[in-house]
1. VAL137 versus (1) of a type in the set (A, V, I, L, M); (2) touching a residue at least 24 places away in the same chain (Cβ under 8 Å); (3) surrounded by fewer than 17 Cβ atoms within 10 Å (Cβ to Cβ); (4) not in a loop (DSSP other than H, G, I, E, B): which is the lone unmet condition?
2. So, in region 55-100, how many residues would count as being outside any loop (DSSP other than H, G, I, E, B), among the small types (Gly, Ala, Ser) and farther than 26 Å from GLU230 by Cα?
3. Residue under question is ILE227, and the condition is that it be surrounded by fewer than 21 Cβ atoms within 10 Å (Cβ to Cβ), of a type outside the set (S, T, N, Q) and in a strand (DSSP E or B); does it hold?
4. Taking the options VAL143, VAL173, VAL117, name whichever one is free of Cβ contacts under 8 Å to residues at least 24 places away in the same chain, in contact with a strand residue (DSSP E or B) (Cβ under 7 Å, 6 or more places away or on another chain) and more than 19 Å from ARG251 (Cα to Cα).
5. Name the single residue that is surrounded by the fewest Cβ atoms within 10 Å (Cβ to Cβ) among those in region 150-167 being without any contact (Cβ under 8 Å) to a residue 60 or more places away in the chain and hydroxyl-bearing (Ser, Thr, Tyr).
6. If you take the residues of region 168-178 that are surrounded by fewer than 23 Cβ atoms within 10 Å (Cβ to Cβ) and among the aliphatic types (A, V, I, L, M), which of them is nearest to SER218 (Cα to Cα)?
7. Can you tell me which of ALA41, ALA11 is under 19 Å from the mean Cα position of the chain (by Cα), over 19 Å from ALA153 (Cβ atoms) and crowded, with 22+ Cβ neighbours inside 10 Å?
8. Pull out all pairs, ordered by first then second residue, where Cβ-Cβ is under 6 Å, the residues are six or more apart or on different chains, the first lies in region 218-244 and is touching a residue at least 24 places away in the same chain (Cβ under 8 Å), and the second is surrounded by fewer than 18 Cβ atoms within 10 Å (Cβ to Cβ) and assigned to a loop (DSSP other than H, G, I, E, B).
Amino acid sequence: MTGNQKIAFAASDTEIAQKALARLGTLYDQVPADQADVIVALGGDGFMLHTLHSTQHLNAPVYGMNCGTIGFLMNEFSQDALPARLAAAQEEKINPLSMVAVCRDGSRHEALAINEVSLLRAGPQAAKLRITVDGQVRMEELVCDGALVCTPAGSTAYNYSAHGPILPIGSDVLALTAMSAFRPRRWRGALLPKVAKVRFDVLEPEKRPVMADADSRSVRDVITVEISSEDHIVHRILFDPGHGLQERMMREQFV
């Protein structure tokens with residue numbers, strides 16, 4: 001980034017983020033998001049994902065400052081020398097996943113996910129899923145609490161909590177991870193090429209209802225979910241030097 005950037009601020013509804021917004025607003029000039037060179041997001045990772053989704057039509061990168069409980073995608077908060085930090089920031093580019101879900105009532109829902117698309121059981125019984133990759137059935141029946149497909153950027157989020165692998169940023173790989181797999185016993189998933197198209201079919205959907213979720217946007221009573229990478233959509237995220245996604249992923253693996 002260069003100096004003298006036009007900045008737009010966005011903040012979550014939390015008290016700490018709103019106070020940070022008020023302080024920064026008195027220190028720095030700001031412009032509307034559609035006129036900005038850079039967007040500064042104040043909150044946690046959830047708000048960062050919200051900001052990336054809501055500004056994907058703009059050409060401005062997003063620089064996050066942590067005002068929440070989780071800040072893997074965020075930089076440390078400081079109100080000092082913000083233009084200099086923005087000028088020195090390093091850019092990471094990531095592609096989201098596309099989710100197309102069809103429900104029992106025939107409705108069709110589309111969404112994008114920067115971290116992951118997950119399927120979760122929505123009743124007392126385990127889900128039964130059929131997994132197809134690039135038109136070929138790879139698993140006739142997975143009995144589990146759920147399954148997800150994640151990007152490298154999302155591999156340290158829900159995927160990691162489900163014991164999935166951490167994927168290097170920039171790798172052309174997606175992770176397919178199962179949650180609490182019962183059959184096949186303890187099956188944890190697979191690594192797939194980024195260009196793979198994954199389809200989940202829900203077996204016995206009336207008896208074993210399933211919901212689908214794309215970055216916390218949920219659809220209930222799904223019967224099929226198709227997932228693929230959207231390479232034509234690029235999210236640009238800014239990090240302080242030495243604190244980019246690659247370094248953070250390395251730290252996660254050596255704690």
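The values are calculated or read from the model by the stated rules, or taken from the named source; none is laboratory data. Source: prediction; values computed, not measured. Neighbour counts run over all protein chains shown; Cβ positions are idealised from the backbone, glycine included.
1. If we test VAL137 against (1) of a type in the set (A, V, I, L, M); (2) touching a residue at least 24 places away in the same chain (Cβ under 8 Å); (3) surrounded by fewer than 17 Cβ atoms within 10 Å (Cβ to Cβ); (4) not in a loop (DSSP other than H, G, I, E, B), just (2) comes out false.
2. 3
3. no
4. VAL173
5. Looking at the filtered set, the residue picked out is SER161.
6. Among residues in region 168-178 that are surrounded by fewer than 23 Cβ atoms within 10 Å (Cβ to Cβ) and among the aliphatic types (A, V, I, L, M), the one nearest to SER218 (Cα to Cα) is VAL173.
7. So the residue among ALA41, ALA11 that is under 19 Å from the mean Cα position of the chain (by Cα), over 19 Å from ALA153 (Cβ atoms) and crowded, with 22+ Cβ neighbours inside 10 Å is ALA11.
8. Qualifying pairs under 6 Å: ASP221/ARG104; ILE223/ARG104; SER228/LYS197; SER229/LYS194.
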